[in-house]
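Shown next, in structure tokens, is the structure this report addresses.
The values are calculated or read from the model by the stated rules, or taken from the named source; none is laboratory data. All figures in this text were calculated on a predicted structure; none of them were measured in a lab. Positions of Cβ are generated from backbone atoms using ideal geometry, with glycine treated the same way; all protein chains shown enter the neighbour counts. Calculation scope for accessible area: heavy atoms of the full protein, side chains included, ligands and nucleic acids excluded. Shrake-Rupley method; radii C 1.70, N 1.55, O 1.52, S 1.80 Å.
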Amino acid sequence: MRLPRVAIDHPLAPGERVALPADTAHHLLRVLRLRNGAPILLFNGDPGDWHGVLEVAGKRDARVHIHRFEPRDAEAPIAITLVQGISRGQRMDYTLEKAVELGVTTVVPVVMERTQAAPAGERAERKARHWQGVLTAAAAQSGRTCQPRLAPQLGFRSWLTSARTEQEPCVLLDPDGEFRPASLWPQTPARMTLIAGPEGGFSPAERDAAYAVGCQGLRLGPRILRTETAAVAALTALLVCYGDMGV
């Protein structure tokens, strides 16, 4: 039976008692129905898992008494940022969940010309909290030892202007792109950025703007992929070529 895993955002040490957030305690106690003394794992970015036991103080009040640290290598050797054109509802959730399972370290939700439902104001804040929850749950379920980060929502042109001052490799999913995954780089890069479009893909102007700042076009094959499929397929192909999924 797999032990439940909980993300913690601060340093940990053997013997420490870590108070859990109320919503996390509620999930463990009321949804998973864990009892006092149940074994549990914590992860916080250290290369492994912190083993502990649950100490219950109330319906939404629990701590974890940490016993030991178990080193484990679970992160991809290449740090990948996914710049994802916002899509609707469960399509976006699916993309985020699978991207985390595949090893993405940062997700940047961007509004593009063909984005059909761009959240704004309070709705954008609620969406950000929801998306971060999707990332956290996927990291816990998939055995990640690092918590993937959700960057603030941006317009695509704003992201190109601000982020592309960092000259790490960047690929744009483009059915007419020049490159296939294995032909992009002769050696594995330490970091890279992947840009995937929303429903309807990129506009010609967005594609030209990305190429103008040094992004490279990546094509995956002759078939058209839906927005929730494209990033997942590209990440898988890139990790086969440059990461920890080689065959």
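Some observations on this one:
- Flag if Gly177 is touching a Leu at 6+ places or on another chain (Cβ under 7 Å) and touching a residue at least 12 places away in the same chain (Cβ under 8 Å): yes
- Scanning region 155-203 for residues that are closer than 15 Å to Cys215 by Cβ and touching a Gly at 6+ places or on another chain (Cβ under 6 Å) gives Leu172, Asp174, Gly177, Glu178, Gly197.
- Once region 185-213 is narrowed to residues that are among the aliphatic types (A, V, I, L, M) and either under 20 Å from Thr229 (Cα atoms) or open to solvent by less than 10 Å² (accessible area, probe 1.4 Å) (or both), the residue that is farthest from the chain's Cα centre (by Cα) is Ala210.
- Options Leu3, Leu54, Leu29; residue that is open to solvent by less than 70 Å² (accessible area, probe 1.4 Å) and in contact with a Lys or Arg (Cβ under 7 Å, 6 or more places away or on another chain): Leu29
- Test result for Arg35, modelled with pLDDT of 95 or more, farther than 24 Å from Leu135 by Cβ and either of a type in the set (A, V, I, L, M, F, W, C) or open to solvent by 70 Å² or more (accessible area, probe 1.4 Å) (or both): no
- All positions within region 73-106 that are of a type in the set (Lys, Arg) and farther than 29 Å from Arg30 by Cβ: Arg88, Arg91
- Qualifying residue in region 147-156 (condition: in contact with a Phe, Trp or Tyr (Cβ under 6 Å, 6 or more places away or on another chain) and surrounded by 14 or more Cβ atoms within 10 Å (Cβ to Cβ)): yes
- If you go through region 143-165 and keep only what is closer than 14 Å to Val83 by Cα and in a loop (DSSP other than H, G, I, E, B), you end up with Pro148, Ala151, Pro152, Gln153, Arg164.
- Residue check, Asp208 acidic (Asp, Glu) and touching an Asp or Glu at 6+ places or on another chain (Cβ under 9 Å): no
- Restricting region 218-232 to residues that are free of Cβ contacts under 8 Å to residues at least 60 places away in the same chain and in contact with a strand residue (DSSP E or B) (Cβ under 9 Å, 6 or more places away or on another chain) leaves a set whose member that is farthest from Met112 (Cα to Cα) is Leu220.
- Among (1) within 21 Å of Ile195 (Cβ to Cβ); (2) more than 19 Å from the chain's Cα centre (by Cα), the one test that Val110 misses: (2)
- Subset of region 9-35 [assigned to a loop (DSSP other than H, G, I, E, B) and either over 27 Å from the mean Cα position of the chain (by Cα) or among the small types (Gly, Ala, Ser) (or both)]: Ala13, Pro14, Gly15, Glu16, Arg33, Leu34, Arg35
- Tally of residues being part of a helix (DSSP H, G or I) and either at pLDDT below 90 or closer than 18 Å to Glu97 by Cα (or both) across region 216-240: 13
- Region 214-242, subset among the hydrophobic types (A, V, I, L, M, F, W, C) and more than 25 Å from Asp93 (Cβ to Cβ), residue most open to solvent (accessible area, probe 1.4 Å): Cys241
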